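Engineer: Quick one: structure below, then a few questions.
The values are calculated or read from the model by the stated rules, or taken from the named source; none is laboratory data. What you see is a predicted model; the values in this text were computed from it and never measured. All Cβ positions, glycine included, derive from the backbone under ideal geometry; neighbour counts span all protein chains shown. Areas reflect the complete protein model, heavy atoms only, side chains present, ligands, DNA and RNA absent. Shrake-Rupley method; radii C 1.70, N 1.55, O 1.52, S 1.80 Å.
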Amino acid sequence: GGSQPGACLEDRQEKDDTLAMSLKLGETFEKLGYTVAFTRIEDVDDGLMSRAAKVNAGNFKAFICVHRNAYNGLANGIETLYETGDTLDQAFAQLVQDELVALGIFTDRGLKPRDNLVVTNNASDSVPTILVELAFIDNVKDNEAFDTYNDAIALAIVKGTMKQLNDAPAVNGTITVGDTEYTYNGTEINVALDAIIGEGFTADVKFDLYNRLGITNVLGTDGVDGFDVDCTINSAEKGATATGTN
């Protein structure tokens, strides 16, 4: 940040991409109920040791450093760095790298143990710490993927972090069809609608979900008679509701 632009491609600067991604990461974590602290929230140079000191002065569950890579336009893909020999950091790095690779948009460059990174090596060993290199800023295709899948990249990092914290992603709650309530915990629910309401029905379908993965839309269908529910969930907070009528 500030006078330190990082890697560049013409007018594109690493410091801008990483700040935008960090703010998006923070927003995603906060929607899921986490408290987030940032080493910077604007275009300033905070200094490497200052960042590690901020982590060590607080009571944090995880520390994520966001970077973009560069190599004379000759490389591409994502990699996650961690302090050499730190098994806690290595496990964290693997979980996040796996989620990023699962997106299917970047070349997998794997994990990179490093013993010369000021920020990760000086952060407390009790805090799982990683440095994610989110593709190469001097590679046009990597930039296109970074821009197109910005939200998905942030969510992948969040999901990996939740696994590291043993805070399993979940969507659960209740679904009410007519006057009958069903418990929902997972990704799919099967309801025998004809048995509840009868053929040719019109019914209110209400979703009351505790949403831990930023889901904003629910679509249901019976695949036979064209019954469907298409509704929007307006909040990721517990108790979010949405109603669709057919």
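Engineer: Given 0.36 nm per residue, what is the gain on full extension from Val140 to Phe38 after removing their alpha carbon distance, in nm?
Structural biologist: Roughly 33.9 nm would be gained on extension.
Engineer: Kindly sort Lys31, Lys141 by accessible area of their heavy atoms, largest first, with the probe set to 1.4 Å.
Structural biologist: Ranking Lys31, Lys141 by accessible area, largest first, yields Lys141, Lys31.
Engineer: Also: How much length, in nm to one decimal, is gained on full extension between Thr84 and Asn56, taken as 0.36 nm per residue of separation minus their Cα-Cα distance?
Structural biologist: 8.2 nm
Engineer: Can you give the charge dipole size of the stretch 1-133 about its Cα centre, rounded to the nearest 20 debye, using +1 on the beta carbon of Lys and Arg and -1 on the beta carbon of Asp and Glu? Provide the component values of the computation, followed by the final result.
Structural biologist: Values: 12 positive and 21 negative charges, 36 e Å.
So the dipole magnitude of the stretch 1-133 works out to roughly 180 debye.
Engineer: Now for a different question. Go through the stretch 1-91 and name the GluC sites (Glu not before Pro) that are in a DSSP coil and have 16 or fewer other Cβ atoms within 10 Å of their Cβ.
Structural biologist: Glu10, Glu42
Engineer: Report the full-extension gain for the segment Tyr149 to Glu27: residue separation times 0.36 nm, less the Cα-Cα distance, to one decimal in nm.
Structural biologist: 42.3 nm
Engineer: Same structure again: Find the lysine pairs in the stretch 1-125 meeting two conditions, Cα atoms under 21 Å apart and a separation of 8 or more places or different chains, and report how many there are. Before the final figure, lay out each step's value.
Structural biologist: Values: Lys15/Lys24; Lys15/Lys54; Lys24/Lys54; Lys24/Lys61; Lys31/Lys61.
Lysine pairs satisfying the spacing and distance rule in the stretch 1-125 number 5.
Engineer: Please give the per residue volume of the convex hull enclosing the alpha carbon atoms of the stretch 1-76, rounded to a whole number of Å³.
Structural biologist: Hull volume over Cα atoms, normalised by residue count, gives 110 Å³.
Engineer: What FRET efficiency do you get for Leu165 and Tyr71 if R0 is 22 Å and r is their Cβ-Cβ distance, rounded to the nearest 0.05?
Structural biologist: 0.10
Engineer: OK, next. Let me know the Kirkwood hydrodynamic radius for the stretch 18-130, please, with Cα pairs as the basis and the value in Å to one decimal.
Structural biologist: Over the stretch 18-130, the inverse of the mean reciprocal pair distance is 15.0 Å.
Engineer: Keeping all protein chains in position, work out how much accessible area Cys65 exposes to a 1.4 Å probe, and write it in Å² to the nearest 10.
Structural biologist: Counting only protein heavy atoms, the figure is 10 Å².
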